[in-house]
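The values are calculated or read from the model by the stated rules, or taken from the named source; none is laboratory data. Since this is a predicted model, take the numbers as computed values, not measurements. A quick note on method: Cβ atoms are made from the backbone with ideal geometry, for glycine too, and the neighbour counts reach across all protein chains shown.
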Amino acid sequence: MKASIQVKNGFMYVVLSYKKNGRWAYKWVATGIKEKGNKKALKDKLDDYIKKYSYLETGEMSDDVLYSDYLREWLQIHRETIAQSSAEAYEVSAEAHILPYFDERKTTLEAMSPKVVFDFYSYLHTKGNHRTGGGLSYASIKKISSIIKGSLSDACVLELIASNPAAAVKVPKGAGEKQVKRAYKTAKEAQQILDAFKGHELYPIVYMTLFYGLRRSEIIGLKWENIDFDNNTFEIKSTIVRIKSFIHSDTPKTDDSNAVFELLPEFRDILLKLKAQAEENKKLLGSAYKDYGYAFSRPNGEFYRPDYISNKFSAVLEKAGLPHMRFHDLRHSAASVLYDLGWDIERIKCWLRHSDIKTTSNIYLHISKERRRIDALELAGLYNRADDDEEQ
């Protein structure tokens with residue numbers, strides 16, 4: 001392994017060159033040291049950097065390697081083995097929560113223990129939300145814990161540590177449960193939402209999302225090539241998401257997500273009008289038209305960005321005086337409407353394409369609790385009313 005110094009924006013970086021699988025690889029290490037007056041001192045420490053990062057070449061890690069440094073390397077290697085959206089999601093979580101925490105404490109990989117991991121989860125539970133100062137949701141901590149467990153599991157495989165200290169550590173129960181309030185609208189409430197979007201550019205998107213229970217990434221990723229007007233069907237085969245960059249994918253979230261739906265007459269008419277409008281826009285704009293092939297697009301053919309959909313959705317609800325809800329709650333509301341129609345849990349699971357029945361069960365349970373509350377309110381004062389009727 002060789003080490004050299006490179007300068008960017010006035011700060012020095014140590015660049016490590018090493019052989020990996022017979023090919024040269026490079027790692028840039030930020031020192032945080034300004035170039036002016038410090039270059040000679042850093043040159044004297046290059047051997048220390050070589051020693052610290054020798055595991056990149058040998059696979060044998062020294063006792064003083066920080067867990068955060070190991071995690072950065074793990075994320076870089078892991079990026080090559082998973083989908084871009086998943087890799088970027090890992091990086092965002094790590095950069096926002098894991099790396100700052102362990103960088104500050106200078107915890108070495110060797111020092112990672114069940115107690116250290118437990119303390120980290122507890123911190124996330126109580127103070128992990130940098131925006132509010134409170135705790136992160138249970139779901140957020142679970143995602144972060146998967147990075148911790150995965151990285152430490154691979155460290156075991158590489159024989160850098162003897163066992164995975166995160167294997168038996170559980171996410172604190174009740175973490176952030178009150179922070180995310182899901183909406184499960186009745187058919188009547190769902191109709192109020194649709195009425196609020198009448199004449200709005202997002203009306204077709206909201207309508208189809210609510211009816212078919214589609215995910216945001218799926219509805220804005222629906223392509224013309226996956227709509228069969230002859231047989232009146234459409235298929236979920238592509239998505240649009242944004243983690244760090246906008247990612248167009250021809251692979252749905254799970255195998256179960258790839259499904260063929262019946263294209264009902266009302267949606268067939270809506271889509272045919274959109275297609276005709278898109279063709280007209282293409283003629284008018286010529287080469288300025290961006291033909292991505294998506295069914296739902298801006299007048300210039302540009303795809304709808306996920307954050308644009310969510311922001312506009314919230315703005316329309318607020319203007320109409322309707323309670324705030326997330327765009328994803330349209331999917332929950334689809335389940336709610338099916339529940340009111342008498343569908344059982346298995347039918348709802350198939351319609352929403354959940355890969356795990358537990359997901360549907362949790363939604364089913366939430367809806368049941370809410371409906372019992374509504375039913376109870378309807379019964380309030382029932383017998384007093386009966387007494388009043390008799391007196392009259």
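Name every residue in region 291-307 that is surrounded by fewer than 15 Cβ atoms within 10 Å (Cβ to Cβ) and assigned to a helix (DSSP H, G or I), in order of residue number.
ASP307 - this is the single residue of region 291-307 that is surrounded by fewer than 15 Cβ atoms within 10 Å (Cβ to Cβ) and assigned to a helix (DSSP H, G or I).
Only one of ASP291, ASP307 is in contact with a helix residue (DSSP H, G or I) (Cβ under 7 Å, 6 or more places away or on another chain) and of a type in the set (D, E, K, R); which?
Only one candidate qualifies: ASP291.
Between a residue in region 342-358 that is assigned to a helix (DSSP H, G or I) and any residue that is of a type in the set (S, T, N, Q), which pairs come within a Cβ distance under 7 Å, given they are 6 or more apart or on different chains?
Partner pairs satisfying both residue conditions: ILE345/THR360; ILE345/SER361; ILE348/THR360; LYS349/THR360; LEU352/THR360.
Would you mind finding the one in ALA25, ALA30 that is closer than 22 Å to LEU66 by Cβ, of a type in the set (Gly, Ala, Ser), at pLDDT below 85 and in contact with a Leu (Cβ under 9 Å, 6 or more places away or on another chain)? Explain how you work it out, then say what you get.
Working: ALA30 fails: in contact with a Leu (Cβ under 9 Å, 6 or more places away or on another chain).
Criteria check complete, one pass: ALA25.
How many residues are among the aliphatic types (A, V, I, L, M), closer than 21 Å to ALA168 by Cα and part of a helix (DSSP H, G or I) when one looks only at region 92-127?
5
Taking region 268-290, which residues are surrounded by 14 or more Cβ atoms within 10 Å (Cβ to Cβ) and either of a type outside the set (A, V, I, L, M, F, W, C) or not in a helix (DSSP H, G or I) (or both)?
Kept after step one, since they are surrounded by 14 or more Cβ atoms within 10 Å (Cβ to Cβ), are these residues of region 268-290: 268, 270-271, 274-275, 278, 281-282, 285, 289-290.
Passing the criteria: ARG268, LYS275, ASN281, LYS282, TYR289, LYS290.
What do you reckon, is ILE367 surrounded by 11 or more Cβ atoms within 10 Å (Cβ to Cβ) and either in contact with a Ser or Thr (Cβ under 6 Å, 6 or more places away or on another chain) or at pLDDT 85 or above (or both)?
yes
Residue check, ALA25 against (1) under 30 Å from GLY128 (Cα atoms); (2) under 34 Å from the mean Cα position of the chain (by Cα), all met but one. Which one?
Condition not satisfied by ALA25: (1).
Regarding region 129-148, can at least one residue be identified that is in a helix (DSSP H, G or I) and within 13 Å of TYR70 (Cα to Cα)? Talk me through it step by step, then tell me what you get.
Just the residues of region 129-148 that are in a helix (DSSP H, G or I), to begin with: 138-148.
Restricting the remaining residues to those that are within 13 Å of TYR70 (Cα to Cα) gives 147-148.
Scanning region 129-148 turns up at least one residue that is in a helix (DSSP H, G or I) and within 13 Å of TYR70 (Cα to Cα).
Kindly evaluate ALA89 against the criterion of being at negative phi, in a helix (DSSP H, G or I) and touching a residue at least 40 places away in the same chain (Cβ under 8 Å).
yes
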